[in-house]
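**Student:** Once you've had a glance at the structure underneath, I'll fire off some questions.
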Amino acid sequence: MAGTTQAGTTVAEVLAELAALEDPRAREVNERHGDDHGVNLGKLRALAKRLKTQQELARGLWETGDTAARLLALLICRPKAFERDELDAMMHEARTPKVHDWLVNYVVKKNPHAEELRLAWSADPDPVVASAGWALTTERVAKKPEGLDLEGLLDVIEAEMKDAPDRLQWAMNHCLARIGIEHAEHRARAIDIGERLQVLKDYPTSPGCTSPFAPVWITEMVRRGSA
């Protein structure tokens, strides 16, 4: 995998470029969010734009296990080219929050196996993997709710969100809010669940931003006419 790609760029050359972009201040900020790399994301995106789409290079970069290299891989890959089992393995390997988020949002959501993976991951015993399943479910709640059991989802959220690990709890809460925002017939129950569970009620929110506390989030987005 470290050989020359069709476009003439090697994994080793890209790793050298990433090493040159390493910034201790960026690393300090990123590590506060659980991401162990020191590359400014704007510079990472600029590098990806120059490299353009290179699927085999992306695979090689992912295999290094380096966080910055994996983020770059997710920017230059061809999302529809991955097989189901390949994406499943990648998700189980994606331990830092940014890699996890980009893998879900930039790759899996665009892949033809997304629905199959949504179902598998939602039932995964690993809470980080399960959170990816919930993120894909939230996407369906908003864009393609046909066939989803929204009452059933609310039942699971009501029973499990309060005691779920942080990443899983965040994803379930996002799904709760999205159900309340998008589906008026379930709005009162979604708000009631949020009020009773009090999940993220005291989450620090910057001025001008909407609180992730579901009752506030739902009410504000509906007020803005997002429903």
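The values are calculated or read from the model by the stated rules, or taken from the named source; none is laboratory data. Predicted model only: the values in this text are computed from it and were never measured. Ideal geometry is used to build each Cβ from the backbone, glycine not excepted, and the neighbour counts take in all protein chains shown. Remember, those area values only see protein heavy atoms, side chains included, never the ligands or the DNA or RNA. Shrake-Rupley method; radii C 1.70, N 1.55, O 1.52, S 1.80 Å.
**Student:** Could the peptides 77-86, 113-122 be put in order, highest first, of the mean number of other beta-carbon atoms found within 10 Å of their residues?
**Tutor:** 113-122, 77-86
**Student:** Which distance in Å, rounded to a whole number, links the C-alpha centroids of region 4-69 and region 190-227?
**Tutor:** The two parts, judged by their Cα centres, are 35 Å apart.
**Student:** Given charges of +1 on the Cβ of Lys and Arg and -1 on the Cβ of Asp and Glu, with all other atoms neutral, how large is the dipole of the chain about its Cα centre, in debye to the nearest 20?
**Tutor:** With only Lys, Arg, Asp and Glu charged at Cβ, the dipole is about 1020 debye.
**Student:** Relative contact order for region 99-211 using alpha-carbon pairs under 8 Å, separation at least 6, rounded to a whole percent?
**Tutor:** 21 percent
**Student:** Could you work out the relative contact order of the chain, using alpha carbon pairs under 8 angstrom and six or more residues apart, expressed as a whole percent?
**Tutor:** After rounding, I find 11 percent.
**Student:** Projected onto the charge dipole of the chain (+1 at Lys/Arg Cβ, -1 at Asp/Glu Cβ, origin at the Cα centre), which of HIS92, LEU41, ILE191 gives the Cα projection farthest towards the positive end?
**Tutor:** LEU41
**Student:** How would region 158-227 be classified by its alpha-carbon gyration tensor: rounded, prolate or oblate, with rounded meaning a/c under 1.5 and the a/b versus b/c comparison settling the rest?
**Tutor:** Judged from the Cα gyration tensor, region 158-227 comes out oblate (a/c at least 1.5, b/c at or above a/b).
**Student:** May I ask you to derive the relative contact order of region 1-97, considering only C-alpha pairs under 8 Å and at least 6 residues apart, and to give it as an integer percent?
**Tutor:** That works out to 26 percent.
**Student:** Full-extension gain between ALA184 and LYS52, please, as 0.36 nm times their residue separation minus the C-alpha to C-alpha distance.
**Tutor:** Between ALA184 and LYS52, full extension yields an extra 43.3 nm.
**Student:** I would also like to ask the following. Once you've got the Cα coordinates, tell me which of LYS109/LYS144; LYS98/LYS143; LYS52/LYS80; LYS52/LYS143 are over 18 Å apart.
**Tutor:** In this structure, LYS98/LYS143; LYS52/LYS143 lie more than 18 Å apart at Cα.
**Student:** If you roll a 1.4 angstrom probe over the protein chains with everything in place, what fraction of the accessible area of region 42-186 belongs to carbon and sulfur, to the nearest %? Walk me through the intermediate numbers first.
**Tutor:** Numbers: 3280 of 6470 Å².
Carbon and sulfur atoms account for 51 percent of the accessible area of region 42-186.
**Student:** OK, next. If you plug each phi of region 124-129 into the Karplus form 6.51 cos²θ - 1.76 cosθ + 1.60 with θ = phi - 60°, what whole-Hz ³J(HN,Hα) values come out, in order, with x for Gly and Pro?
**Tutor:** Values, residue by residue: 6, x, 7, x, 5, 5 Hz.
**Student:** So what J values fall out for region 173-188 if you push phi through Karplus, 6.51 cos²θ - 1.76 cosθ + 1.60 with θ = phi - 60°, rounded to Hz, Gly and Pro as x?
**Tutor:** Each residue of region 173-188 in turn: 5, 4, 5, 4, 4, 5, 4, x, 6, 8, 10, 4, 5, 10, 5, 4 Hz.
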